[in-house]
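Presented below is the structure to which this report refers.
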Amino acid sequence: MVDTAKKKEKPPVVESLLAPGHRACAGCGEALAARLIMDAAGSNTIVATTTGCLEVFSTPYPESAWKVAWIHSLFENSSAVAAGIEVGLRALGREAGINIIAQGGDGATADIGIGCLSGMFERGHNILYICYDNEAYMNTGVQRSGLTPFDSHTSTSPSGSVSWGNPTEKKPLPQIAAAHGIPYVAVATAGYPVDLQNKVKRALSIKGPKYLQVHVPCPLGWAHKPEDTIEIGRLAVLTGLYPIYEMENGEVTKVRKLGKKRLPVEAYLKPQGRFRHLFAKPEGKEEIKRIQKIADGNIERFGLV
Amino acid sequence: MSKPVGIVTKPGSSKANKTGSWRTTRPVFLHKDCNDCRICVMVCPDGVIFGSDSSYDADLDYCKGCGICARECPKEDIEMVLEVK
Ligand SMILES: Cc1ncc(C[n+]2csc(CCOP(=O)(O)OP(=O)(O)O)c2C)c(N)n1
Ligand code: SF4
Ligand code: SF4
Ligand SMILES: [Mg+2]
């Protein structure tokens, strides 16, 4: 018999603030992160979401998976729409106790929406901006973005006889956000769900503009098995390719150390079809060395070991 | 002049769409070694694992059969089986 007096009581599981029935692919890391984020934020939250998978899979008219107040902006301007909401609430004197979240994909955030986002930071709105980083424009068929990693195969950076895939490294968006002098910047991943939810709560407890970038594996675009979504997220961290950390007022205040769990980059690259070409030819070894250098650089820079 | 606008007033109305029909494999919760950690509940992308007190099950109306719950269960107490009709 279980000693019920000793066992901590847990209430039965309740349905998420992002309801089921939405059309995200099986195993979608973006759907998982969005659900965890909403449940961490709670029901007193207003959300503006850009065009992209998250918006398309959650709101096929006339249905909606959202159980909070939610608005679809354009592809580029959830930060501007949220800014209007925040200023409107303040004008009405009704801002107390309400979280405002603006969110979008990596394409929406790092490329087309970076101007609106920069303005939101500059004007000091009390908004949490969340970038769902699945490292390409997934909803339109996996085109590369400013957050696509080096050597990744996408439909606009195809690997082949003359190319190893995406020729550029990820845009340092967390650092660009921090350079605006905003109070809180964090990087998280669907691979560490508790850490992600803690960062959302921490962000929402701080007044002013906040930036949270979440690594969200995409089984379709990355060509990995749907059951591996969490594992792939963890491997990105454990290889040093996607360090997760917090910054307050421009300084790195907390990093997730790797210690003895550190792994070579192959462990992360191998299970993903978007890096398959690196293992198909002997010359791929040189490319993998270059990717290992990127990881080593992160490890050094953030003091991960 | 009135124009139709895209306003949805029913929160969570996506539940009209039963995604369980997508599934090719189904999680079977063995209820043998569950230690009540709720990792499966936490990691299900669709949020369709419900229950309490070491007794959890997927809502098969919505479960897409991704297999994450089975993969992440530290007690190997969830098994994926082929969906046959
Ligand atoms: C101004 C404008 N340009 C292009 C599009 C087409 N479009 C819709 S979603 C999308 C890609 C979204 O990519 P991302 O922001 O990374 O989100 P993801 O789908 O990957 O989650 C594009 C290009 C659009 N809706 N609006
Ligand atoms: S394409 Fe990727 S991001 Fe979009 S719904 Fe599918 S798994 Fe999620
Ligand atoms: S198989 Fe996937 S969708 Fe189904 S209950 Fe498990 S984690 Fe959820
Ligand atoms: Mg994207």
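In the set A:Glu135, A:Glu169, which member is within 16 Å of ligand 1 (Cβ to nearest atom) and not β-branched (Val, Ile, Thr)?
On the way: A:Glu169 fails: within 16 Å of ligand 1 (Cβ to nearest atom).
Checking each option against the conditions leaves just A:Glu135.
Restricting to region A:51-62, and then to whatever is surrounded by 20 or more Cβ atoms within 10 Å (Cβ to Cβ) and within 8 Å of chain B (Cβ to nearest Cβ), can you tell me which residue is farthest from ligand 1 (Cβ to nearest atom)?
So the first thing to find is which residues in region A:51-62 are surrounded by 20 or more Cβ atoms within 10 Å (Cβ to Cβ), and the list is A:51-55, A:58-59.
Filter once more, so that each one left must be within 8 Å of chain B (Cβ to nearest Cβ): A:58-59.
Working: A:Ser58: 11, A:Thr59: 13 Å.
The selected residue is A:Thr59.
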query: In region B:1-22, which residues are facing chain A (nearest Cβ under 9 Å), in contact with a Phe, Trp or Tyr (Cβ under 7 Å, 6 or more places away or on another chain) and part of a helix (DSSP H, G or I)?
result: B:Thr19
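For region A:4-117, give me every one of the helices (runs of 4 or more DSSP H) that falls completely inside it and has 2 or more residues that are closer than 21 Å to A:Ala136 by Cβ, modelled with pLDDT under 95 and within 16 Å of ligand 3 (Cβ to nearest atom).
Answer list for region A:4-117: none.
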message: Which condition from (1) away from chain B (no Cβ under 12 Å); (2) buried (at least 19 other Cβ atoms within 10 Å of the Cβ) is the one that A:Arg90 breaks?
response: (2)
task: Give just the number: which of (1) surrounded by fewer than 24 Cβ atoms within 10 Å (Cβ to Cβ); (2) within 28 Å of A:Asp296 (Cβ to Cβ) does A:Gly233 not satisfy?
output: (1)
- request: Sort out which residues of region A:39-50 are free of Cβ contacts under 8 Å to residues at least 60 places away in the same chain, surrounded by 20 or more Cβ atoms within 10 Å (Cβ to Cβ) and more than 16 Å from ligand 2 (Cβ to nearest atom), and write them in order of number.
  value: A:Thr45, A:Val47, A:Ala48
query: Of all the residues that make up region B:35-54, how many are more than 10 Å from every other protein chain (Cβ to nearest Cβ) and hydroxyl-bearing (Ser, Thr, Tyr)?
result: 0
- prompt: Quick one: would you say B:Thr9 is within 9 Å of ligand 3 (Cβ to nearest atom) and polar (S, T, N, Q)?
  reply: no
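For region B:23-34: of the residues being assigned to a loop (DSSP other than H, G, I, E, B) and away from chain A (no Cβ under 11 Å), which is surrounded by the most Cβ atoms within 10 Å (Cβ to Cβ)?
Ranking the qualifying residues of region B:23-34, first place goes to B:Cys34.
The values are calculated or read from the model by the stated rules, or taken from the named source; none is laboratory data. Note that the coordinates shown come from a computational prediction; the quantities given were computed from them, not determined experimentally. Please note: Cβ atoms are built from the backbone with ideal geometry, for glycine as well, and neighbour counts cover all protein chains shown.
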